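*Asks:* My structure is below; once you've seen it, I'll send some questions.
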Amino acid sequence: MFRLIGSAMLLLGAGAAVAQTDKAATTPQKESAASVNARVMAPLPADQAAMKAHVMFLASDAMRGREAGSHEFDIAAQYVAAQFYAAGLRPGGEDGGYLQRVPLVGYKLADKGSFVWTPGKGTPQTLVFGEDFSPAPNAAKAETSLTAPVVFVGYGIVAPDYKRDDYKGVDVKGKIVAYVGGAPKGYDGEERAFFSSPRAKAAIAAQHGAIGAIQIESPRVGRGSLPFAITTRTWDTERVTWAQRDGSGKNDGLPVLGTISMAGAAKLFAGARMSWDQVKKAADSDDAKFTAFPLSGNLSAALKTTIRPMPSSNVIGIIPGTDPKMKDEVVILSAHLDHIGVGKPDKLGDTINNGAEDNAIGIASLIEEAKRFVASGKPPRRTVMFLAVTAEEKGLIGSDYFANNPTVPLKSIVADVNLDMPLITYKFEDMVVFGAPRSTLGPIVKKAVESVGVELAPDPMPDEGLFVRSDHFRFVQKGIPSVFLWPGYKGGGKAAWEDFMKNHYHQPSDEIGLPLDWEQGVRFVTVNYTIAREIADNDERPRWNKGDYFGTYFGGYGAK
């Protein structure tokens, strides 16, 4: 059951937000502290001031970066709950409150584990940590012990639309699959990013009956394929997932045991149908194609994982729909509340990653959009849910938990509009809506964007696969049409984005002292409110465009 924090705590937090501007200036202009304070404290119109006030609190030093599982995140969640209450939203969480408990767990390797390769003809070879293999923890078990034959399955991808089945011709039931990291370059950027992810590959392996998986270092480093040296340096880094009812951490159906280096792969492929040198040569092309085959031997892997609870919460408010036929359908507006917490000192000695742009502004937008719905005096025809999720920075974990444990029937959710890190340091002249071409949400967002005098622009970074990298994608994976919006590259946009990503993204300087243009924040809220209002009141529920890749892949409404 949630509990509201007292007004004194809110005032103390707001005071801390003001105090944080006394730090050395971190804006590109290197303003003095007095200059930053004068700019930050300058009076604004009421709508801009309301939005800014949320960011002043959420991105204050007192919140210490709102890391999921921290006490400060819990305070931030109570703040959002209080704002939902003040806006007039009904509680949409558990026990009649605004919070949904999310049983996060942190997990990491207890030791370096062991990998032993036993060739079909030969003596067992103990693989060397840091040279041949780098282990990975298993959230589902404290101890993992597997011995099984290994089958090489290329990239480990099954994608009929691309006429690719890397499992063709082999039986992997009860076996360990080995695949090369990454995905072919010939894929659409968003689809390539999806199939490059370890989560997608593990799910495909589990569907084929494998009991474990190992990733092989790819000769082509890129998205989904890190250099082996990096995986070795970070072998004992804690990861985060959510716990299932039995207390075990959620995985994707099987354990990914770790990464095999190219040197280690040479040992595993000895005596197989193809040597590693032959596979490596084939992999060093834009559209590498492989024939799956069993390796000649068994792999034994032994791993120990430590798991700790780090409970957190999603925050949920609801405006009930009023149309007798559509009120049970739910439109979700989502944004992540967490950031990355406290880290190493930057060049100015600052350690707190305040997360003003990422994503306090998204949460501020969510709150202000809720207030607009209520202030309009016109209840939506469909139910509108406002969802602030935890642990996005840990791998979209809070949204994944909600998508698997929704507080409303999953089949009732008809769309998600996600608000993640809108950059408001410049006057935007266009907007990018990731996912717009994939569903009937496209014409809706185009009309809304144009209503504030800007145009809808195509994705300026298609190879980055941004559509699969924020919380809305957890709804896509449940077949729900989804989009998320960014101010675009026109005018000064490209330079502003490049500056932010280089100098402020996931750094302590992402704070209230940035030259934030709150008029642009209000424009961003206007666009999102217009989109949500149209979806909520439209006669037709959103549907995937016929034949859309993700709509078809995840069985979404309208795709077939």
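Read the figures in this text as sums done on the coordinates, not as results from a lab. The structure displayed is predicted, hence computed values, not measured ones. Using ideal geometry, Cβ is built from the backbone for each residue, glycine included, and neighbour counts are taken over all protein chains shown.
*Asks:* From the square roots a ≥ b ≥ c of the eigenvalues of the alpha-carbon gyration tensor of region 318-426, which class results: rounded (a/c under 1.5), prolate (a/b over b/c), or oblate?
*Replies:* Since a/c reaches 1.5 but b/c is at least a/b, the shape of region 318-426 is classed as oblate.
*Asks:* Now, a different point. What list of ³J(HN,Hα) couplings, whole Hz, do you get for region 320-331 from phi and the Karplus terms 6.51, -1.76, 1.60, once you set θ to phi - 60° and write x for glycine and proline?
*Replies:* Each residue of region 320-331 in turn: x, x, 10, 6, x, 8, 10, 5, 8, 8, 10, 9 Hz.
*Asks:* Based only on other Cβ atoms within 10 Å, what is the fewest-to-most ordering of R382, R308, R273?
*Replies:* Arranged by neighbour count, lowest to highest, R382, R308, R273 become R308, R273, R382.
*Asks:* Counting pairs of alpha carbon atoms under 8 Å apart in space and at least six apart in sequence, what relative contact order in percent does the chain give?
*Replies:* 19 percent
*Asks:* Per-residue counts of other Cβ atoms within 10 Å, averaged by peptide: what ranking do you get for 430-439, 157-166, highest first?
*Replies:* 430-439, 157-166
*Asks:* Run the reach check for K267 against lysines, Cα to Cα strictly under 19 Å, same-chain hits fewer than 8 apart removed. What comes back?
*Replies:* Partners found: K121, K175, K280, K281.
*Asks:* Going by average Cβ density within 10 Å per residue, which order do the peptides 383-393, 253-263 take, highest to lowest?
*Replies:* Descending packing order for the listed peptides: 383-393, 253-263.
*Asks:* Rounded to the nearest 5, what is the percent of antiparallel bridges among the DSSP beta bridges in the chain?
*Replies:* The antiparallel fraction comes to roughly 60 percent.
*Asks:* Using DSSP, restrict attention to beta bridges with both residues in region 108-224 and report what percent are antiparallel, rounded to the nearest 5.
*Replies:* Here the share of antiparallel DSSP bridges comes out near 30 percent.
*Asks:* For every helix of n ≥ 4 consecutive DSSP H residues, a contribution of -39,500 (n - 2.57) applies; sum these over the chain, divide by its total residues, and give [θ] at 222 nm rounded to the nearest 500 deg cm²/dmol.
*Replies:* Estimated from H runs of four or more residues: -8500 deg cm²/dmol.
*Asks:* Using the count of nearby Cβ atoms within 10 Å as a rough guide to exposure, how do I361, I424 rank from fewest to most?
*Replies:* Listed from fewest to most nearby Cβ atoms, that is I424, I361.
*Asks:* Mind ranking 37-50, 203-216 by how tightly packed they are, going by the mean number of other C-beta atoms within 10 angstrom, highest first?
*Replies:* Descending mean neighbour count gives 203-216, 37-50.
*Asks:* Looking at region 457-560, which GluC sites (Glu not before Pro) are in a loop (DSSP not H, G, I, E or B) and have at most 15 other Cβ atoms within 10 Å?
*Replies:* Hits after loop and neighbour filter: E540.
*Asks:* For the chain, what is the convex hull volume of its Cα atoms per residue in Å³?
*Replies:* Dividing the Cα hull volume of the chain by its residues yields 146 Å³.
*Asks:* Using a cut-off of 14 Å between alpha-carbon atoms, which aspartates and glutamates can reach K394, once sequence neighbours fewer than 8 places away in the same chain are excluded?
*Replies:* By straight Cα distance, K394 reaches E67, E238, D338, D358, D471.
*Asks:* Based on the Cβ-Cβ distance from D277 to D165, what FRET efficiency comes out when R0 is 35 Å, to the nearest 0.05?
*Replies:* 0.90
*Asks:* Still on this structure, I have one more. Please report the antiparallel percentage of the DSSP beta bridges confined to region 106-309, to the nearest 5.
*Replies:* 70 percent
*Asks:* So if I restrict to the alpha-carbon atoms in region 106-309, what is the Rg, and what is Dmax, the biggest pairwise distance, in Å?
*Replies:* So, for region 106-309, Rg and Dmax equal 15.9, 46 Å respectively.
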